[in-house]
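Peer 1: Have a look at this one.
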Amino acid sequence: METILLNEGNDKLKAAFYNLGCKVNQYETEAIRKIFLTSGYEIVDELNAADVIVVNTCAVTSLSEQKSRQIIRRLIRANQSAIMCVMGCYAQNSPQKISEIDGVDVIIGTADRMKIIEFVEEARKNREEKILHVDDVKKISVFEELPHTPQRTRAFLKIEDGCNNFCAYCIIPYLRGRVRSRSLENIRAECLQLAGNGYREIVLTGIHIGAYGQDFKNKITLVDAVKMVLETANPYRLRLGSIESAEMSDELIELMKSDERICNHVHLPLQSGSDEILKAMRRPYTTKNFAALISKLVKEIPDISIGTDLIVGFPNETDKNFEETIEFIKAQPFSKIHVFPFSAREGTLAATMPNQISAQVKKIRANQALEISASKEKNFAEKLIGKTVEIIAETEENNFIDGLTKNYVRVYLPTNSEIKSGDVGKVKIEKIFRNGVLGNAI
Ligand code: SF4
């Protein structure tokens, strides 16, 4: 039976959530929300009205950490009586720094999140002592199952956690631990739930989904996980989260080609267009391999959109290296480039490298790459003008409803159209609009 947790006024206790960071964090925040809900809490959007606030933090760059700190402080100032529970990658990386923030009650890292209610209840009884529960994630070898109900039209489905790659710049393997794949049975169980609830689009997420199955003894790979989702959830669309180029197997490309339900959209992190820098970054591919994969994808999968990530100003990146990157990205048919100025993360190899690049040079390089991204994004979207596309409608806001095409272009249309949130609808595209295109329902 559900335990109803009450505050002094004898109302149900209220919990509110603030999420920072990637799709894995979004999935996990939704799961923690579900844990609170099934433990008898009322979930509220207004953080000021909450008895408990959970902030799920990010630590991928120093800027993400700074943002996480700012949000924690802001929310404590806005609601001093609430129990403040900080979890996620920043909590895993810097528990001591967080515990120095006045008003933080509970700190949990990236594991053992099923115990969150226990910790919060403890903190409610005694707010004098902070509760700090951060496990050594590298010792964890099993995927943590969390109950989960998606919050949106697109359902994220987490199939993996952790990474074994240790790219020179990346803090994630230290914060998320080694690769832990979710069992096919548990993926199947969540898919059955999603199918029952009518989700039209499923997005496969994980820290390193291409490594799915590496920790299993049998030869299960991402392709098996994808087939399982298609078979059990039978989604209208299945989207793959970010995937390393070296892990785009021929089998996976074949599956994308042959099954209409898999979106013609991939996100392949490039990080640099200079082989010298890729090597220093410890990335397991060359620009030649990467370009060959892109040509193959473009040839085999019609209208595919290919997004990427780029780090500019990696230590020792010379003007020549950066020029090579610019030439490379210009030549590739990317639909969007996420540009990150290199951020030295303590504990990683790159943070100890000589010849760190100045903030000013990183900014100039980032702006140059962003300009190229903006023009590529526009070019890709412009190809849709005059065409009819299919979208799954998501959010209604300020007289517009928006949704994504299969190949990840955001489409807006007036709210007075026949298409409502959650619907699959056809839209005739008229022009470029905001971060996508505008059209009318047909
Ligand atoms: S593959 Fe590299 S960049 Fe990606 S999470 Fe692992 S270490 Fe980080």
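The values are calculated or read from the model by the stated rules, or taken from the named source; none is laboratory data. This structure is a prediction, so every number in the text was calculated from the model and none was measured. With ideal geometry, Cβ positions are generated from the backbone for all residues, glycine too; neighbour counts draw on all protein chains shown. These area figures cover heavy atoms from the full protein model, side chains too; ligands, DNA and RNA do not enter into them. Shrake-Rupley method; radii C 1.70, N 1.55, O 1.52, S 1.80 Å.
Peer 1: Working out 0.36 nm times the residue gap between E254 and E327, then minus their Cα-Cα distance, what length gain in nm do you get to one decimal?
Peer 2: Values: separation 73, 0.36 × 73 = 26.28 nm, distance 2.98 nm.
23.3 nm is the gain from fully extending E254 to E327.
Peer 1: Which one of I253, I83, I172 has the biggest mean-square fluctuation once the chain is modelled by GNM with Cα springs under 10 Å?
Peer 2: Per the Cα network of the chain with a 10 Å cutoff, I253 tops the list.
Peer 1: How far apart, in nm, are two points set 7 Å out from the Cα along the Cα-to-Cβ line at D319 and at E300?
Peer 2: The two pseudo-label positions are separated by 4.1 nm.
Peer 1: Go through L438, I392, I419 and say which Cα lies farthest out towards the positive end of the charge dipole of the range 388-441; charges sit on Cβ, +1 for Lys and Arg, -1 for Asp and Glu.
Peer 2: Result: L438.
Peer 1: Report, in debye and to the nearest 20, how large the dipole of the chain comes out about its Cα centre when Lys and Arg carry +1 and Asp and Glu carry -1 on their Cβ.
Peer 2: Values: 59 positive and 60 negative charges, 176 e Å.
Computed charge dipole of the chain: roughly 840 debye.
Peer 1: Would you mind getting me the FRET efficiency between F216 and D45? Use the beta-carbon distance for r and R0 = 45 Å, nearest 0.05. Can you show the working numbers first?
Peer 2: On the way: r = 40 Å, r/R0 = 0.88.
Efficiency at R0 = 45 Å is approximately 0.70.
Peer 1: Another question, then. What residues of the range 269-294 lie in the reach of a label at F166, counting those whose backbone N is under 11 Å from a point 7 Å from the Cα along Cα→Cβ?
Peer 2: none
Peer 1: Let me ask you something else. Build a GNM of the chain with springs between Cα atoms under 10 Å: which of A225, A246, A78 gets the top mean-square fluctuation?
Peer 2: Looking only at A225, A246, A78, the largest GNM fluctuation is found for A78.
Peer 1: Of all accessible surface on the chain at a 1.4 Å probe, what whole percent is carbon and sulfur? Let's see the in-between values first.
Peer 2: Details: 9840 of 20190 Å².
Carbon with sulfur: 49 percent of the solvent-accessible area.
Peer 1: Here's something else I'd like to know. Treat each spin label as a single point 7 Å out from the Cα along the C-beta direction, and report the I364 to K125 distance in nm.
Peer 2: 6.1 nm
Peer 1: Something else now. Just grab the label-to-label distance for I385 and E185, each label 7 Å out from Cα along the Cβ direction, in nm (one decimal).
Peer 2: Distance between label points: 5.6 nm.
Peer 1: Still on this structure: Considering only DSSP beta bridges where both residues belong to the range 154-382, give the percentage that are antiparallel (nearest 5).
Peer 2: Working: 2 of 22 bridges.
Among the beta bridges of the range 154-382, antiparallel pairing accounts for roughly 10 percent.
Peer 1: Rounded to the nearest Å, what's the spacing between the alpha carbon centres of the range 72-112 and the range 278-308? Just the number, please.
Peer 2: The distance from the Cα centre of the range 72-112 to that of the range 278-308 comes to 39 Å.
Peer 1: So which residue, out of I101, I116, I419, gets the largest mean-square fluctuation from a GNM of the chain using Cα contacts under 10 Å as springs?
Peer 2: I101
Peer 1: When the Cα centres of the range 131-171 and the range 343-411 are compared, how far apart do they sit, in Å?
Peer 2: 24 Å
Peer 1: The range 331-433: which GluC sites (Glu not before Pro) are DSSP loop and have at most 12 other beta-carbon atoms within 10 angstrom? Walk me through the intermediate numbers first.
Peer 2: Values: sites: E346, E371, E377, E382, E390, E394, E396, E397, E418, E430; in loops: E346, E418.
Within the range 331-433, the qualifying GluC sites (Glu not before Pro) (loop, at most 12 other Cβ atoms within 10 Å) are E346, E418.
Peer 1: Sticking with this one: Which is farthest toward the positive dipole end of the range 1-112 among Y41, T61, Q26, measuring Cα position about the Cα centre, with Cβ charges +1 (Lys, Arg) and -1 (Asp, Glu)?
Peer 2: Selected residue: T61.
Peer 1: Something else now. What whole-number value in Å² describes the accessible area per residue of the chain for a 1.4 Å probe?
Peer 2: Values: 20190 Å² over 442 residues.
Heavy-atom SASA per residue in the chain reads 46 Å².
Peer 1: Return, in residue-number order, each cysteine of the chain whose C-beta is not under 4.7 Å from any other cysteine's C-beta.
Peer 2: Lacking a cysteine Cβ partner under 4.7 Å: C22, C58, C85, C89, C163, C191, C263.
Peer 1: Another question about this same structure. Using unit Cβ charges (K, R positive; D, E negative) and no other charged atoms, how large, in debye to the nearest 20, is the dipole of the range 154-382 about its Cα centre?
Peer 2: Values: 30 positive and 29 negative charges, 79 e Å.
Magnitude of the dipole: close to 380 debye.
Peer 1: Still on this structure, I have one more. Past 19 Å, Cα to Cα, is the threshold; run K67/K97; K34/K115; K279/K320; K257/K406; K138/K279 against it and keep the listed order.
Peer 2: On the way: K67/K97 14 Å; K34/K115 13 Å; K279/K320 15 Å; K257/K406 13 Å; K138/K279 25 Å.
As for pairs spanning more than 19 Å Cα to Cα, those are K138/K279.
Peer 1: Where does the chain land at 222 nm, in deg cm²/dmol rounded to the nearest 500, when only DSSP H runs of n ≥ 4 count, each adding -39500 (n - 2.57), divided by all residues?
Peer 2: On the way: 13 runs with 150 residues, N = 442.
That comes out to -10500 deg cm²/dmol.
Peer 1: Among the DSSP beta bridges whose two residues both lie in the chain, what percent are antiparallel, rounded to the nearest 5? If you can, show how the numbers build up before the last one.
Peer 2: On the way: 23 of 63 bridges.
Around 35 percent of the beta bridges assigned by DSSP in the chain are antiparallel ones.
Peer 1: Amide H neighbours of S335 under 5 Å, at least 5 residues apart or on other chains, H built in the peptide plane: list them.
Peer 2: Under 5 Å from the amide H of S335: I306, G307.
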